[in-house]
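The values are calculated or read from the model by the stated rules, or taken from the named source; none is laboratory data. These figures come from a predicted structure and were not determined experimentally. Here the Cβ positions follow ideal geometry from the backbone for every residue, glycine too, while neighbour counts run over all protein chains shown.
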Amino acid sequence: MKGINYKGVKIIALKGDITNLEAECIVNPANSLMIMGGGVAGAIKRKGGSEIEEEAMRHAPVPVGQSIVTMAGGLKCRYIIHSPTMEKPGGETSLENVYSAASSALKKAKEVKCKKLVFPVLGSGVGGLPVLESSKKIAEAIKENLSDKSSIREIIICGLTHPTLIKICEALKTVFHE
């Protein structure tokens, strides 16, 4: 899949490590306490530095459905959008929480005038949700929250493995009817 164009925004599925990507903003599927222990959050902290977690924790607790923005430490991006999918570290999440977290992350990206935004598959790691279903919820949030006047020009949904990439592509085709 080369990507889908929707309301002037290119939406791409990509196999790769979110911590290595160059973008203005990457999304951290956080917990409400902003503790960055495992999964994507742990990888962001390890690669970007503990100052990311320290800055995020100053805003805690952040309810599911809201997001905060921090600097990105040593990462190639400019900002981290911390968007909780669960209340406690390692806790359970739901597809509703994934949709809410993705919607909130998109709103924050618009606030900081982000042009290129990268999502991991929210809720599919520590949260235990199926990749396909989580990817569909992210795609639905994108479809329902983008406007023609948005600063966002490119959105990447990123996964570490080829099977994950296939599921992201399937979700995008389903939601955007490509």
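For segment 123-141, how many residues are buried (at least 21 other Cβ atoms within 10 Å of the Cβ) and either under 14 Å from E170 (Cβ atoms) or at pLDDT 90 or above (or both)?
Going through segment 123-141 one residue at a time, the tally reaches 11.
Need a quick list: strands (runs of 3 or more DSSP E) entirely within segment 1-46 having at least 2 residues that are of a type outside the set (A, V, I, L, M) and farther than 16 Å from T161 by Cα.
Because the criterion is at least 2 residues that are of a type outside the set (A, V, I, L, M) and farther than 16 Å from T161 by Cα, the strands (runs of 3 or more DSSP E) in segment 1-46 that meet it are 4-6, 25-28.
Filter segment 142-178 down to the residues that are touching a Lys or Arg at 6+ places or on another chain (Cβ under 8 Å), buried (at least 16 other Cβ atoms within 10 Å of the Cβ) and assigned to a helix (DSSP H, G or I) and list them by number.
Correct list: N145, T164, L165, A171, V175.
Looking for something in contact with a strand residue (DSSP E or B) (Cβ under 9 Å, 6 or more places away or on another chain) and part of a loop (DSSP other than H, G, I, E, B) - is there at least one such residue anywhere in segment 127-141?
yes
With respect to the numbered conditions (1) under 20 Å from S134 (Cα atoms); (2) β-branched (V, I, T); (3) surrounded by fewer than 24 Cβ atoms within 10 Å (Cβ to Cβ), which one is the sole condition not fulfilled by V98?
All conditions are met except number (3).
Closer than 20 Å to K136 by Cβ, surrounded by fewer than 18 Cβ atoms within 10 Å (Cβ to Cβ), touching a Lys or Arg at 6+ places or on another chain (Cβ under 9 Å) and modelled with pLDDT of 95 or more: does that describe K10?
So K10 passes the test.
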